[in-house]
Amino acid sequence: MNVDLVLEALHEHFPTDPLEPRIVPVDETIVTLTPENVRPAVQMLIERFDLRHLSAITGIDTGDEIELLYHFWDGQGLTLRTSLPRENSHTVTLIDLIPGAAFYEREVSEMLHVLFDGHPTPDRFLLPDDWEGEPPLRRGVPLACQTDNLENGELSDQRHSRFKGEARP
Amino acid sequence: MSRITIPIGPQHPALKEPLSLKLVAEGERIVESALRIGYAHRGLERIFQNRNYVQNVHVVERVCGICSHVHTTAYCQGVEALLGLEVPPRALYLRTLLCELERIHSHLLWLGVLAEHIGFTTIFMYAWRDREIVLDIMEELSGGRVAHAVNVIGGVRIDIDPEYAHSILARFDDLERQIEVFLGVILHERTFQVRTHGIGRLTAEQVRRYCVVGPVARASGIDVDMRRDAPYAAYDQLDFRVIVAHEGDVWARTMVRTMESVESLQMCRQLLHAMPEGPLAVRAPRRVPPGEVVSRCEAPRGELVYYIRSDGSDRPARVKVRTPTLPALAALSEQLQDINIADVPTVLAGVDLCIACADR
C-alpha cells in the first residue's frame with residue numbers, strides 16, 4: 001500500500017473532510033473523517049487499493065465525544081479516525097464490506113454503547129448475560145470495587161451478591 | 001431429517017478454555033453454529049487505565065497464559081516509541097530470543113492438543129515432553145515457565161552468559177531431531193492424514209474476508225508475517241523463511257506451525273551466535289508525553305495489535321488489545337459449516353484458539 005496515493009484519493013473523494021494526516025509510531029498514518037464518510041472511504045479503499053485487512057476497531061471515550069479508530073494494515077498501518085457524539089452515538093456497520101468487523105463492532109458497541117446500524121447480531125459479546133451496569137469503558141462509570149462500600153471498612157453486600165450469581169445492583 | 005441442537009461449553013471436556021458453542025446438527029452434519037465468548041473476560045482494558053505504565057507491564061503479561069512474552073513486547077515497544085527511547089541492541093536480541101522460544105513452546109503445545117483431539121495420544125505425549133526442553137530454557141533464563149517478566153520499559157531484565165548460551169545450543173539439537181520426527185508423522189502417518197486432510201478448510205478469500213491472521217492465514221496461502229513485513233525488535237537482523245501452505249485445512253496448519261518451529265530454532269541459534277555486547281536497558285521516565293501509538297507484533301497465533309494513548313500522565317488514557325484469536329473466532333462458523341460432528345474438536349483445535357486472549 002502506498003500511503004501517499006491513499007491520502008491523495010481520500011482528498012479527492014472527501015474534499016470537505018478534515019483528514020489531517022498524522023504519522024504516529026510505529027509506522028501508522030492516522031486520517032480523520034466525518035462519521036458518515038467512514039463507510040464510503042472504506043468502500044473506496046477496498047475497491048481502489050484492495051485494502052481489506054482491518055486489524056482492529058478501537059473505541060475511546062475522551063470525555064467530550066466517542067472516538068472510533070479503524071486500524072487497517074497492508075505493509076504499513078492506516079487508521080481512519082472519526083468522532084461520534086456521546087449522546088445517542090451510532091454509526092453504520094461495515095460488516096457487509098468486511099465480515100471480520102462483526103466481532104470488533106460488537107465489542108465496541110458493548111463497551112462504549114455505540115450502536116452500529118445494520119449489525120445483525122448486536123447481542124451480548126464479552127459481558128455477562130446478567131450485566132446491568134453502564135458500558136464499562138465509558139468515562140465516569142465506577143469499577144465494581146469502587147461501588148463496594150469500603151469507606152467504612154466493611155465490604156458491602158454488593159460484592160457478595162455478585163458471587164452468588166445474582167444481578168448486580 | 002430432524003434437527004438437534006447440541007450445546008458445547010462453556011465447560012466441556014473437549015474444551016481447554018471456556019467457550020460456548022451451539023451446534024445445530026442434521027444427523028451427523030453440522031448445519032448451523034452460534035458462538036458466545038466472554039467467560040474469561042476480566043475487564044483488562046479498563047484495568048490498564050487505572051494502573052501506571054510500569055504496573056501495566058505485569059498486567060499485560062497476564063492477557064495470555066501461553067504467549068505472555070509477546071504481549072509485553074508489543075506493549076513495551078509501544079510505550080518506548082511514545083517515550084522516544086532507544087532500546088539497546090542486546091536487549092532487543094534477548095527479547096527476540098524469548099519471542100521465538102515462546103513460539104516453539106506454543107506450537108508444540110498446540111501440536112499436542114491437536115494430536116490428543118484426533119486420538120493420537122503418542123504424539124500428544126511426545127510433543128508435550130519435548131516442549132519441556134523449551135520451558136526449561138525459559139525458566140532458567142527468566143525464573144518463570146509461563147510468565148517470564150523479561151521485558152521492562154526500556155529493555156530487558158535478564159542477561160545470558162556465553163557458557164549458558166552453549167548449553168542452550170546443545171539442547172536445541174535434541175529438540176530439532178524431535179521436531180523432525182513430528183514432521184515425519186504429519187507427512188506419512190495415515191491416522192494423522194485422515195483426521196486432518198480437508199478438515200476445517202478456509203480459502204484465501206475467506207481468510208481475507210474475516211481478516212484472519214497468523215499460521216491459519218499462512219496455511220491458506222496468505223503470505224503475511226509481521227516479523228518480516230513490519231520488523232520489530234531484532235527481526236530485521238535475522239535471516240528466516242515465512243512458511244506458507246495452500247491447502248487451508250488443519251493438515252496445512254500443522255505443517256505451517258511445525259515448520260515454523262524449526263525456523264524459530266534456526267532464528268534462536270542466529271540470535272545466540274550474534275548476540276551483541278552492551279547494556280540491557282535504558283532508564284525510562286515514569287510520565288509519558290501525550291501521544292498515541294499502534295504497535296504490531298507477530299504472536300505465535302498471528303498479528304497482535306496494541307493501541308496505546310497517553311495523556312501526559314503516568315497512566316495510559318487507553319490501551320486497546322486486539323489478539324489474533326478474535327478474527328480466528330469470527331471465521332469459525334465458516335469452518336464448522338457442513339462438517340461431521342466428530343470433526344468439531346479437530347476444527348476447534350486446528351485454529352489454535354486462545355480464549356483468555358480473545359476475552360481479555
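The values are calculated or read from the model by the stated rules, or taken from the named source; none is laboratory data. Just so it is clear, the model here is predicted, and its values are computed rather than measured. Here Cβ is always computed from backbone atoms with ideal geometry, including for glycine, and neighbour counts include all displayed protein chains. Only protein heavy atoms, including side chains, enter the accessible area calculation; ligands, DNA and RNA are left aside. Shrake-Rupley method; radii C 1.70, N 1.55, O 1.52, S 1.80 Å.
Before moving on, here are some points about what is shown:
- Net charge in the neighbourhood of B:Val216 (other residues with Cβ under 10 Å of its Cβ; Lys, Arg +1, Asp, Glu -1) is +3.
- Other residues lying with their Cβ under 14 Å from the Cβ of A:Thr34 contribute a combined charge of -3, Lys and Arg counting +1, Asp and Glu -1.
- The charge dipole of segment B:40-359, taken about its Cα centre with unit charges on the Cβ of Lys, Arg, Asp and Glu (plus for the first two, minus for the last two), comes to roughly 1040 debye.
- Taken residue by residue and averaged, Cβ atoms of other chains lying within 10 Å of the Cβ of A:128-136 number 1.
- The protein assembly as shown shape via C-alpha gyration tensor axes, a/c threshold 1.5: rounded
- Selection among B:Leu348, B:Leu108, B:Tyr53 by position relative to the dipole of segment B:40-359 gives B:Tyr53 as farthest towards the positive end (Cβ unit charges, Cα centre).
- Rounded to the nearest 10 degrees, the angle from helix B:68-83 to the longest Cα principal axis of chain B is 40 degrees.
- Rounded, prolate or oblate (a/c below 1.5 giving rounded, otherwise prolate when a/b exceeds b/c) for chain B by Cα gyration tensor: oblate
- Simple Cβ-charge dipole of segment B:13-141, Lys/Arg +1 and Asp/Glu -1, about Cα centre, in debye nearest 20: 400
- Taking amide H as placed 1.01 Å from N in the peptide plane, the amide H of B:Ala299 sits under 5 Å from that of B:Leu304, each at least 5 places away or on another chain.
- For the pair B:Ser333 and B:His58 in one chain, pulling the backbone fully straight at 0.36 nm per residue adds 95.6 nm over the alpha carbon distance.
- Overall form of segment B:117-229: oblate. Here a/c, set by the Cα gyration tensor axes a ≥ b ≥ c, is 1.5 or more, and a/b is not larger than b/c.
- Estimated 222 nm signal from helices in the protein assembly as shown, with DSSP H stretches of n ≥ 4 weighted -39500 (n - 2.57), rounded to 500: -13000 deg cm²/dmol
- Which of B:Ser220, B:Met259, B:Leu169, positive extreme of dipole for segment B:40-359 (C-beta unit charges): B:Ser220
- Only Lys, Arg (+1) and Asp, Glu (-1) charged, at Cβ; the protein assembly as shown dipole about Cα centre in debye: 720
- Calculated accessible area for segment B:117-213 comes out at 47 Å² per residue, all protein chains present (probe 1.4 Å; ligands, DNA, RNA ignored).
- Rounded tilt (10° steps) of B:250-273 against the dominant C-alpha axis of chain B: 20
- Extreme residue, positive dipole direction of segment B:40-359, given options B:Pro290, B:Gly119, B:Cys268 (C-beta unit charges): B:Pro290
- Phi-derived couplings, Karplus 6.51 cos²θ - 1.76 cosθ + 1.60 at θ = phi - 60°, listed residue by residue for segment B:143-150: x, x, 6, 10, 8, 8, 6, 7 Hz, with x used for Gly and Pro.
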